[in-house]
Amino acid sequence: MTRTTTRLRTVLGVVVIALAATATAWVRLGPVARGTGWAEDTGLFFREHLALGPLGSLFHPYAGYLHLVPRLVVDAAFALPIDRYALAVSLVCCALVGTVCAALFVLARDVVRPWPLRLVLAAVPVLLPTAPWEVTGNAANLHTFALVLAPWLFSSRPRTRWGAAAAAVAAVLVTCTEVQAVLFLPLLLVAWWPRDGDHRAARRALPMAVAALAGGTAQVVTALVTARASRPGHPGVTDVVAGYLFSVVGGLGSSHLGAVGRAVVAHGWGVLVVPAVALLAVLVVATLRGPWWTRVLLVALTLGSAVVWGAALVANASADARWSTAAPAELVAATPSRYAAAAGLLLTMAVVVAAATLVDAERHAARPTSDAVPVTRSGGTSHVVRAAVGWVVVAALVTTWVGAVGPGPTTRDGGPEWQPQVQRAVTLCRAADRAASVPIRTAPWAADVPCALVLRADRSTGHR
């Protein structure tokens, strides 16, 4: 098979993954949710696009941060008639998440070598049970997926000049969308550190490193000079831990946190502590078995999961609940938290990497270098046990996804849908001044849509 044929097959496979992931994210939202405008998408981003223009709004700070990709999504949605705005935002956001999934499949090739396990890793962003609740399909929460892409991007080593250019562009988009991506900037050293004598690959990481540092600097400066309106939280350690167990670990297995709450009420916190300890044990063993770059990434993903969860509670009083002392009724009525989504995605990816490391441990042990901890063999039994544990972990994870392929519960399930409201507003706008606006209800706020856009959309669909 020629090199060109191999590359074409690889590109085709990546495109298929992106399309399949996009379709999965779209289906999981459900028809009402994807047709309903959400929060900043139809609020601040919408208003500032109209007030500042598509270019003027791109790097305009909001809540102390830059939001480059969400603003690009809003700009793209305005290219269609305004009655399709909510659907356009949902579709573009699902496509971007699908692109993240495909990127994970490519970027993880040196860490998760068995391709079936790499497919599992690539599916994490669209199959996390709680993802549709608030973070999938809207621009306001695209930063979550930028954050989980960051560690893979920053530690990657492009193999071609085109790959280096693409990585640099991605680094700008990621860092100028999510401020917490700067937490993973030290992983740039992984891309630079000599590995298997391939110094050229390390040099190809230079454009991405420069772009990531520039974007990270822009975010930090913006955060320092721009005030945040959000009231900070003051979480206690026990609440941080209990919240992580409940919202993050509990959210790995179910999109209905109320069911998790009922289990805690009926059987105590042990129903979450035991699986958390088991996951930690798998992560620790895998960290000891893999090559050094896998160990670094495992530590970064695991600690990153805990850090972004704790940081969310410190930065936002709205996330600072008292889980350790919550009444049974509160636990049973709990819903997924958008602050737990990033932590859950990072933790799930760490688990997949750990499982892949255990499954592939014999290859690491066979390396004639000091990259891996030497394996003590006893007739291959220890390798068989580790591989079995790895496959059991993967099987358990995939099992939790079986019921998550269809539409999941979301914050937008009750509407109100955008398109019917815009179509009903045509009559009002025909009778009003062209410079007037009409209110269109969204979840949870409302948008003032200029009649000029409403009437333009009506003409584009041929209505009279």
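The values are calculated or read from the model by the stated rules, or taken from the named source; none is laboratory data. This is a predicted model, so every value here is computed, not measured. We place every Cβ from the backbone using ideal geometry, glycine too, and count neighbours over all the protein chains shown. For the accessible areas, the whole protein counts, side chains as well, though only heavy atoms, and no ligand, DNA or RNA atoms are used. Shrake-Rupley method; radii C 1.70, N 1.55, O 1.52, S 1.80 Å.
Annotations for the structure displayed:
- Candidates Ser247, Ser254: the one that is open to solvent by less than 40 Å² (accessible area, probe 1.4 Å), within 23 Å of Val398 (Cα to Cα), touching a residue at least 60 places away in the same chain (Cβ under 8 Å) and not in a loop (DSSP other than H, G, I, E, B) is Ser247.
- Among the criteria (1) part of a helix (DSSP H, G or I); (2) surrounded by fewer than 24 Cβ atoms within 10 Å (Cβ to Cβ), the one Arg113 does not fulfil is (1).
- Residue match in region 215-231 (condition: buried (at least 21 other Cβ atoms within 10 Å of the Cβ), under 25 Å from the mean Cα position of the chain (by Cα) and not in a helix (DSSP H, G or I)): no
- Residues of region 435-464 satisfying the condition of being crowded, with 19+ Cβ neighbours inside 10 Å and part of a helix (DSSP H, G or I): Cys451, Leu453, Val454, Ala457, Asp458
- Residues of region 1-56 satisfying the condition of being crowded, with 22+ Cβ neighbours inside 10 Å and not in a helix (DSSP H, G or I): Thr36, Gly37, Trp38
- Residues that are in a helix (DSSP H, G or I), without any contact (Cβ under 8 Å) to a residue 60 or more places away in the chain and surrounded by fewer than 21 Cβ atoms within 10 Å (Cβ to Cβ) are absent from region 307-322.
- Among the residues of region 408-434, those that are in a loop (DSSP other than H, G, I, E, B) and either touching a Ser or Thr at 6+ places or on another chain (Cβ under 9 Å) or open to solvent by 90 Å² or more (accessible area, probe 1.4 Å) (or both) comprise Gly408, Pro409, Thr410, Thr411, Arg412, Asp413, Gly414, Gly415, Pro416, Glu417, Asp433, Arg434.
- Scanning region 149-170 for residues that are over 18 Å from Val353 (Cβ atoms) and either β-branched (Val, Ile, Thr) or more than 15 Å from the chain's Cα centre (by Cα) (or both) returns Pro158, Arg159, Thr160, Arg161, Trp162, Gly163, Ala164, Ala165, Ala166, Ala167, Ala168, Val169.
- Any hit, region 262-277, residues being within 23 Å of Leu303 (Cα to Cα), open to solvent by 30 Å² or more (accessible area, probe 1.4 Å), outside any helix (DSSP H, G or I) and among the hydrophobic types (A, V, I, L, M, F, W, C): yes
- The requirement of being out of contact with any helix residue (DSSP H, G or I) (no Cβ under 8 Å at 6 or more places or on another chain) and assigned to a helix (DSSP H, G or I) is fulfilled nowhere in region 123-130; no residue meets it.
- Check on Leu183, over 26 Å from Val296 (Cβ atoms) and assigned to a helix (DSSP H, G or I): no
- Which numbered condition His383 fails, given (1) within 25 Å of Ala88 (Cα to Cα); (2) in a helix (DSSP H, G or I); (3) modelled with pLDDT under 90: (1)
- Considering Leu104, Leu66, the condition of being closer than 23 Å to Gly215 by Cα, in contact (Cβ under 8 Å) with a residue 12 or more places away in the chain, touching a Gly at 6+ places or on another chain (Cβ under 9 Å) and open to solvent by less than 30 Å² (accessible area, probe 1.4 Å) is satisfied by Leu66 alone.
- Exclusive hit being open to solvent by 20 Å² or more (accessible area, probe 1.4 Å), among the aliphatic types (A, V, I, L, M) and within 25 Å of Ala63 (Cβ to Cβ), set Leu189, Leu185: Leu185
- Residues located in region 395-407, provided they are in a helix (DSSP H, G or I) and open to solvent by 20 Å² or more (accessible area, probe 1.4 Å): Ala395, Ala396, Leu397, Val398, Thr399, Thr400, Val402
- Among the residues of region 352-362, not one is out of contact with any helix residue (DSSP H, G or I) (no Cβ under 6 Å at 6 or more places or on another chain) and modelled with pLDDT of 95 or more.
- Only one of the listed residues (Thr294, Thr287) is open to solvent by less than 30 Å² (accessible area, probe 1.4 Å) and of a type in the set (S, T, N, Q). That residue is Thr294.
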